[in-house]
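The values are calculated or read from the model by the stated rules, or taken from the named source; none is laboratory data. None of the values given here were measured: they were computed from a predicted structure. Note: ideal-geometry Cβ built from the backbone for every residue, glycine included; neighbour counts use all protein chains shown. We work out accessible area using only protein heavy atoms, side chains counted, and drop any ligands, DNA or RNA first. Shrake-Rupley method; radii C 1.70, N 1.55, O 1.52, S 1.80 Å.
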Amino acid sequence: MGISLGIAFVVVSVIAIVASSQAKAKHGRSTGSGGLIEVRVHGQDRDSRDGPERRYRAWWLWQRERALWAAYALMALLLVGYLASLIVRGPDRSSEWLDSWSVDAFELVAATLCITRGFTRRSGRAVALTLGLGLFMWAFGDIALTVESLGGATPSTPSLADVFYLGFYPLTYVAVVIFMRGEVRRLATPSWLDGAVASVGTAAVCAAFLFERVLHLAGGTAAATATNLAYPVGDVLLLSLVVGGSTVMSGRRKAPWLLLAAGCAINAVGDTASLFGSSFGASQLGFIFNAIAWPTSMLVLSMSVWLRPRPPNPQTLRKPALFVIPGLSAACALVVLFVGNLHATSRLALGLATAALLLVGIRLILSVRGMRSLSQERHHQSVTDELTGLGNRRYLFTVLDAFFADYDVTAAPRSIAFLFLDLNHFKEINDTFGHPVGDKLLKQLGPRLSGCLREADLAIRLGGDEFVVVLVDGDASYATAVARRLADRLAEPFVLDTVRVHISASIGIALAPTDATDSASLLWCADVAMYRAKLAGAPFAIYQPDLDKSGNRLLLLDELRAAIDERQLVLHYQPQLDLRTGGIVAVEGLLRWAHPRLGIVSPLEFLPLAEEAGLMGPITTLVLTDALAQCAAWRKAGTPMSVSVNISPANLLDPRFTDLVRDLLESHQLPAEALVLEITETTVISYFDQSRAVIQELWDQGIVVSIDDFGAGFTSLAHLSSLAVKELKLDRIFIAALTGDDSGRALDLVRATINLGHALGLRIVAEGIEDYATLELLTDLSCDLGQGNFISQPKPAHRVTLTAKLADSQPAAHVG
C-alpha cells in the first residue's frame, strides 16, 4: 500500500508538469512568438493575431488548468485517505513507507507544482519561485530525516534535516513579504501600525504561554538548544508576520492570501504538535497532528500560488481595513500583563505585551488626528468645486441662508449684491476640442474670477458653465463695476495647450434684500436678469421688477403688443464715419421704446421679452419699414446714405424674411446696397447652416450683410470664407482695449483682423469709439468706418447731422 501510494504521488506530479509543459510547447509551435503572426502591409510590418490560433492557445491553457486542478484534487483525496489511515492505525502501527517515504513524495510533488508556477506565468513569479524553494527545503528536510531514521536510528541534533527545515523559514518570510508588497502598493502609517500591533500582540501571547515550555524542552548541548529554539522562534515570527499581514490585507478579499496565510498557520500548528505532543492529553491526537499538519500545509501553500484572485469590480469601493485582528491582539496583550501580575511570566512576554499597548496608544493618537483631518477634508470637499477650486452650490446656499436668517431690519443695514454668470460659447469649445479642453478652461476660469474680487467676496460654480459671485455689503454701483471687470477679464483669450479660445459671459445682477428676501428668490432674480442680458447680447443686466417680475412681465408684454400697433417703437440713428474722408456715409438704426409709463426703454430691456413672445417678426418689419423710409428721405434730400439694421435669430428662421426685405426695398425705391443687415457673431455660430443659406440669398439680391460684434464669439476668419458677407464690425471690447493696460496685444489683434478682413475683401467697421486717440489709431490702422459716442450719440432722425466732417487737425466736438 505504501509503495503504491508513493507511486501515485509521483504520477500526479508527472501528469501536472507534463500537461503544463505540453500546453506551453503546443502553444509555442502553433503560434510562433507569443501567438503573433508577422504581416507586411504597404511596406510596413505589423502584428496580427489569427482567430483560430488564439482559440487553439486558449484551449490548451484551459486543458492545462484542468490537469493542474485535477492533480490538486487527487492530492487532496490522497491526503484525506492518509488522515483516515492515521485515525484507524493509531501511533502504535506506524508504517515507514506510508508515514515517511509516501509523505516525502507528496511534499516533493507539492513543491514541484509550486515552483512550476514561477516558470509558466509572469505575474507573481517571484512569490512562486521563492515559496517553491522553501517547500523544497522542507521536503528535502523530511527526506533527510527519513534517511537518518532508517533502522530505528535516532537522528542527532542538529542534523542535516535541521539545516533544510530551518532554510524553509527565511524563504517563506521573503515570499510572504513579496506577496504583500505586490498587493499593497502604498502602505499608510495607520495600516502598518495595525499590522505591528497584531504581530507584537501575537508574539506576546506565544512568549507568555510557550516560552517557558520551550526552554524546558530545549536541553542538551548549546548547538542542540539553539536548534530546538530556532523552530518555535521561526514559527512565532512566521505566525506574527501572517497575522500582521492579514491585518494589512483586510478589505482586500484575496483568496490566494487566505490560502497562503492558512498554510503558514497550519505549519505552525504542526511544529507545536511536534514540540508539545505529550501535552494534548492523548498521544493519538498528538500523533495525528504531527503527521498530517506538514503535508497539508505544503499542499495549501502550493495551491495558493496557482489560485487566480477574482478580478476586482471597479464600481465597488474597497472596504476599509478592519480593526478586529489588532483589537484582539491588544486585548491578548492586556491579558498577558494581567496574568503577569498574578503569576510568574517571562520578561520577554511582558516586554512584547507592553510594546503592543504602546503601539496601540500611538495608533489611537494617529486615529484621532486622522479623523480630525478627514473631517476637515470632507467638509472642504463638500463645499468646494473640484474642477475650479471655487465654492459649490451647497456652500452658496449655506452663505445665503445664513445671511437671510441673521438679517435684522432694525439693526445696521446689510446687503448682498448677487451676480449670476453664464458662459457664452463654452458648449462650442467642448464640442470642437473635447471636454478635457473645456475642463482646462474651467480650471483657468477660477483664478480669473477670484482675481477680480475682494477678499470678502465669494465666487461659486453652480455647475456646468454657470457661476455666481456674492458681493457682501455690495451695492448696485459696485456690482456693476465688478460685472464690467469680470466681462473684460473673461474676454481675454484662454491658452489651452496649443490653441487660444475666446469666451464671454452674460451676467445678471440682483440685490438683497431689495429684490429678494430668501436664497431661492435671489437666485431667480439674478437668473432672469442674466437671461435678459444674454438675449440682448449685453455683458450684464440689472434685475428690474418692472420688467422681470412675472406679473409685470405679462403686463409689459401686453404693452409691447400695443406699442407695435401704436408705433411707440422708434429708431434713433448713430452715424458711421468714413475714416479716410472724414465724412458720414452710413447710419445704424437703433430701436427705442417710448413707453408712456416708463419713459425711453432700451432694447436690452424689452427685446428678450419679444424673443420669448414671438414678436420679433412684427418688430423687424416695423424697424425695416421706418429705417428704409428714412433712408429714402435722406437720399431724396441729396444725401446718398445707407442704413444698418440688426436682425435676430428669429428672422433667420423665417422663410419669408428675404422676400420681406426685397419687397420693402422695392416699395421705397431703394437700391440693395442702401441696406446693411447686421447679424451678431453668436447668431451665426448658433444657426450656422441657416445663417449661411439666408446670407447667400441676401447676397444674391445685392444686400450687404455685416457680422456684428466680431471677435466676441468663436468664429474664426476661416469660417467667413463660406459666408457671403461684405462687412465685419469689430466688437467694442477690442476697441476699448486699445487704450487699456494690455493695449499692445489688443493693437496687434485689431491690426491683424483688419488686414485679414481686407485680404478677404471685407469692409471693417469699428464700434465703441469713445475718444480721439482711439479714432486716430484706427485711422492709422486703415480701418474703413468708425462708430461711437465720440463721433455721435444715437439720436432721432431730425437731430442727426449727416453733412458735417470731422476736422483732420484737432480733436473736435461730436458730429451732429
Check your understanding: Looking at 491, 516, 512, which is the one that is open to solvent by 10 Å² or more (accessible area, probe 1.4 Å) and of a type outside the set (Ser, Thr, Tyr)?
Key -> 491
Check your understanding: If you go through the range 440-451 one residue at a time, how many are open to solvent by 10 Å² or more (accessible area, probe 1.4 Å) and either closer than 28 Å to residue 417 by Cα or free of Cβ contacts under 8 Å to residues at least 12 places away in the same chain (or both)?
Key -> 6
Review point. Would it be correct to say that residue 433 is surrounded by fewer than 19 Cβ atoms within 10 Å (Cβ to Cβ), touching a residue at least 60 places away in the same chain (Cβ under 8 Å), closer than 18 Å to residue 526 by Cβ and not polar (S, T, N, Q)?
Key: no
**Study point:** Identity of the residue in the range 469-518, outside any helix (DSSP H, G or I) and among the acidic types (Asp, Glu), that ends up nearest to the chain's Cα centre (by Cα)
**Key:** 497
Check your understanding: Do we find that residue 565 is modelled with pLDDT of 90 or more and of a type in the set (Asp, Glu) in this structure?
Key -> no
Exercise for review: Report yes if residue 471 is in contact with a helix residue (DSSP H, G or I) (Cβ under 7 Å, 6 or more places away or on another chain) and closer than 21 Å to residue 506 by Cβ, otherwise no.
Suggested key: yes
Check your understanding: Only one of (1) closer than 30 Å to residue 427 by Cβ; (2) at pLDDT 90 or above; (3) surrounded by 21 or more Cβ atoms within 10 Å (Cβ to Cβ) is not met by residue 757, so which one is it?
Key -> (2)
Check your understanding: Which residues, taken from the range 645-656, are farther than 8 Å from residue 616 by Cβ, in contact with a Gly (Cβ under 7 Å, 6 or more places away or on another chain) and either among the polar types (S, T, N, Q) or outside any loop (DSSP other than H, G, I, E, B) (or both)?
Key -> 645
Study note, to complete from the structure: Residue hits (the range 710-732; modelled with pLDDT of 65 or more, open to solvent by 30 Å² or more (accessible area, probe 1.4 Å) and over 16 Å from residue 687 (Cα atoms)) are 721, 726, 732
Review point. Is it the case that some residue within the range 527-534 is open to solvent by less than 60 Å² (accessible area, probe 1.4 Å), outside any helix (DSSP H, G or I) and among the β-branched types (Val, Ile, Thr)?
Key: no
Review point. Take the residues of the range 760-774 that are open to solvent by 10 Å² or more (accessible area, probe 1.4 Å) and under 10 Å from residue 726 (Cα atoms): which is modelled with the lowest pLDDT?
Key: 760
Review point. Which of the residues spanning the range 652-690 are aromatic (Phe, Trp, Tyr) and open to solvent by less than 40 Å² (accessible area, probe 1.4 Å)?
Key: 657
Review point. Looking at (1) in contact with a Gly (Cβ under 9 Å, 6 or more places away or on another chain); (2) touching a residue at least 24 places away in the same chain (Cβ under 8 Å), which is the only condition residue 143 fails?
Key: (1)
Exercise for review: Could you tell me which of the residues 265, 223 is in a helix (DSSP H, G or I), exposed (fewer than 14 other Cβ atoms within 10 Å of the Cβ) and either in contact with a strand residue (DSSP E or B) (Cβ under 7 Å, 6 or more places away or on another chain) or modelled with pLDDT of 60 or more (or both)?
Suggested key: 223
Practice item. Within the range 565-611, count every residue that is within 22 Å of residue 708 (Cα to Cα) and not in a strand (DSSP E or B). Key: 12
Check your understanding: Counting only residues that are at pLDDT 90 or above and over 15 Å from residue 669 (Cα atoms), which one in the range 621-651 is surrounded by the fewest Cβ atoms within 10 Å (Cβ to Cβ)?
Key -> 621
Check your understanding: Within the set of pairs 6 or more residues apart or between chains, which connect a residue that is among the acidic types (Asp, Glu) inside the range 564-587 to a residue that is outside any strand (DSSP E or B) and open to solvent by 10 Å² or more (accessible area, probe 1.4 Å) with Cβ atoms less than 8 Å apart?
Key -> 578/784
Exercise for review: Inspect all residues belonging to the range 368-388 and state whether any of them is closer than 21 Å to residue 265 by Cβ and at pLDDT below 75.
Suggested key: no
Exercise for review: Using the structure shown, decide if residue 123 is open to solvent by 30 Å² or more (accessible area, probe 1.4 Å), of a type in the set (Ser, Thr, Tyr) and either over 19 Å from residue 164 (Cα atoms) or not in a helix (DSSP H, G or I) (or both).
Suggested key: yes
Revision key, fill the gap. Going through the range 467-479 in order, the residues found to be touching a strand residue (DSSP E or B) at 6+ places or on another chain (Cβ under 8 Å) and open to solvent by 60 Å² or more (accessible area, probe 1.4 Å) are 473, 475
Point to revise | Hits in the range 285-314 - residues which are open to solvent by 50 Å² or more (accessible area, probe 1.4 Å) and either modelled with pLDDT under 65 or assigned to a loop (DSSP other than H, G, I, E, B) (or both) | key: 307, 308, 309, 310, 311, 312, 313, 314
Revision key, fill the gap. Note on the range 444-458: residues in contact with a Gly (Cβ under 7 Å, 6 or more places away or on another chain) and aliphatic (A, V, I, L, M) are 458
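Residue-by-condition table, conditions (1) in contact with a strand residue (DSSP E or B) (Cβ under 6 Å, 6 or more places away or on another chain); (2) without any contact (Cβ under 8 Å) to a residue 40 or more places away in the chain; (3) in a helix (DSSP H, G or I):
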site: 353; (1), (2), (3): no, no, yes
site: 357; (1), (2), (3): no, yes, yes
site: 379; (1), (2), (3): no, yes, yes
site: 394; (1), (2), (3): no, yes, yes
site: 405; (1), (2), (3): no, yes, yes
site: 414; (1), (2), (3): no, no, no
site: 420; (1), (2), (3): yes, no, no
site: 428; (1), (2), (3): no, no, yes
Review point. In the range 104-120, which residues are surrounded by fewer than 19 Cβ atoms within 10 Å (Cβ to Cβ) and either basic (Lys, Arg) or in contact (Cβ under 8 Å) with a residue 60 or more places away in the chain (or both)?
Key: 120
Study note, to complete from the structure: Counting only residues that are open to solvent by less than 50 Å² (accessible area, probe 1.4 Å), closer than 16 Å to residue 298 by Cβ and in contact (Cβ under 8 Å) with a residue 60 or more places away in the chain, the range 74-103 contains a total of 8
Review point. Restricting attention to the range 480-500, and to residues there that are among the hydrophobic types (A, V, I, L, M, F, W, C) and in contact with an Asp or Glu (Cβ under 9 Å, 6 or more places away or on another chain), which single residue is nearest to residue 454 (Cα to Cα)?
Key: 482
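Every residue, every condition in (1) in contact with a Phe, Trp or Tyr (Cβ under 8 Å, 6 or more places away or on another chain); (2) closer than 22 Å to residue 529 by Cα; (3) of a type in the set (S, T, N, Q), yes or no:
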site: 455; (1), (2), (3): no, no, no
site: 465; (1), (2), (3): yes, yes, no
site: 468; (1), (2), (3): yes, yes, no
site: 475; (1), (2), (3): no, yes, no
site: 506; (1), (2), (3): yes, yes, yes
